[in-house]
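S.K.: The following block contains the structure, expressed as structure tokens.
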Amino acid sequence: MENNSCIFCDIANGVLPSEKLYEDASVMAFLDINPIADGHTLVVPKKHIVSFHELDSNLACTLTSLTSKVAEALLSELNCDGYNVLCNNGSAAGQVVSHLHFHVIPRFLGDGLLDKWQTYEYSEQRRSEIFDKISKRLS
Ligand code: AMP
Ligand code: ZN
């Protein structure tokens, strides 16, 4: 359940300090120590889970509910124009701390953060293969 060498487990257990904005028995929210915007917040399950797809539906519900409350608080208290909810899964996706977390990042018009995605087109054949694989897995 808990991972001895995990900084977010240490924060959950009170071993490492953090600026906790909220906590209850299963989830917590604290300020990111290295923010990309004022109020950049992390929303984290206390249980050591690495990736989003490992969440059970109860904890997913609790975690997304807190994420939504944090977003509302940022909108109303910081008067930001919008926000991003980001969840990096795996080092290929930029995950550095291997304990699941949602970033909630306040956004202001013209702030220039998180530049636009580079889009591209792939072949109809590849698209169709991918469509078949994923839809089969989901059915
Ligand atoms: P990620 O790249 O999605 O794994 O992001 C990890 C985030 O955790 C980064 O934004 C770090 O700034 C943040 N972080 C790392 N250590 C701490 C800490 N002790 N307290 C608060 N935030 C942290
Ligand atoms: Zn952990």
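S.K.: Of all residues in the stretch 92-117, how many are more than 9 Å from ligand 1 (Cβ to nearest atom) and either modelled with pLDDT under 95 or open to solvent by 50 Å² or more (accessible area, probe 1.4 Å) (or both)?
M.R.: Summing the residues that are more than 9 Å from ligand 1 (Cβ to nearest atom) and either modelled with pLDDT under 95 or open to solvent by 50 Å² or more (accessible area, probe 1.4 Å) (or both) in the stretch 92-117 gives 10.
S.K.: Of all the residues that make up the stretch 1-29, how many are away from ligand 2 (no atom under 11 Å from the Cβ) and either within 19 Å of Thr62 (Cα to Cα) or open to solvent by less than 40 Å² (accessible area, probe 1.4 Å) (or both)?
M.R.: The qualifying residues number 10.
S.K.: Among the residues in the stretch 55-62, are any free of Cβ contacts under 8 Å to residues at least 40 places away in the same chain, open to solvent by 70 Å² or more (accessible area, probe 1.4 Å) and among the polar types (S, T, N, Q)?
M.R.: yes
S.K.: Related question: Can you name the residue in the stretch 79-91 that is over 11 Å from the mean Cα position of the chain (by Cα) and closer than 20 Å to Gly39 by Cβ and is also surrounded by the fewest Cβ atoms within 10 Å (Cβ to Cβ) among such residues?
M.R.: Asn79
S.K.: Sticking with this structure for a sec: Take the stretch 52-86 and flag every residue that is part of a loop (DSSP other than H, G, I, E, B) and over 21 Å from Leu114 (Cβ atoms).
M.R.: Within the stretch 52-86, Leu55, Asp56 meet the criteria.
Yes/no per residue for (1) away from ligand 2 (no atom under 16 Å from the Cβ); (2) among the polar types (S, T, N, Q); (3) closer than 26 Å to Ala60 by Cα; (4) touching a Cys at 6+ places or on another chain (Cβ under 6 Å):
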residue: Asn84; (1), (2), (3), (4): yes, yes, yes, no
residue: Ile105; (1), (2), (3), (4): yes, no, yes, no
residue: Gln118; (1), (2), (3), (4): yes, yes, no, no
residue: Glu121; (1), (2), (3), (4): yes, no, no, no
residue: Gln125; (1), (2), (3), (4): yes, yes, no, no
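S.K.: Ser51 - would you say it is in contact with a Gly (Cβ under 8 Å, 6 or more places away or on another chain) and within 16 Å of ligand 2 (Cβ to nearest atom)?
M.R.: Criteria met by Ser51.
S.K.: Return only the number of the condition from (1) outside any loop (DSSP other than H, G, I, E, B); (2) among the small types (Gly, Ala, Ser); (3) on the phi > 0 side of the Ramachandran plot that Ala92 does not satisfy.
M.R.: Of (1) outside any loop (DSSP other than H, G, I, E, B); (2) among the small types (Gly, Ala, Ser); (3) on the phi > 0 side of the Ramachandran plot, only one is false for Ala92: (3).
S.K.: Tell me which strands (runs of 3 or more DSSP E) are completely within the stretch 1-47 and hold 2 or more residues being away from ligand 1 (no atom under 13 Å from the Cβ) and within 18 Å of the chain's Cα centre (by Cα), or say none if there are none.
M.R.: In the stretch 1-47, 20-23 are the strands (runs of 3 or more DSSP E) which contain 2 or more residues that are away from ligand 1 (no atom under 13 Å from the Cβ) and within 18 Å of the chain's Cα centre (by Cα).
The values are calculated or read from the model by the stated rules, or taken from the named source; none is laboratory data. What you see is a predicted model, and the numbers here were worked out from it, not measured in a lab. Glycine gets a Cβ as well: all are built from the backbone with ideal geometry, and neighbour counts include every protein chain shown. The protein model used for the area step is the full one, side chains on, heavy atoms only, and it has no ligands, DNA or RNA in it. Shrake-Rupley method; radii C 1.70, N 1.55, O 1.52, S 1.80 Å.
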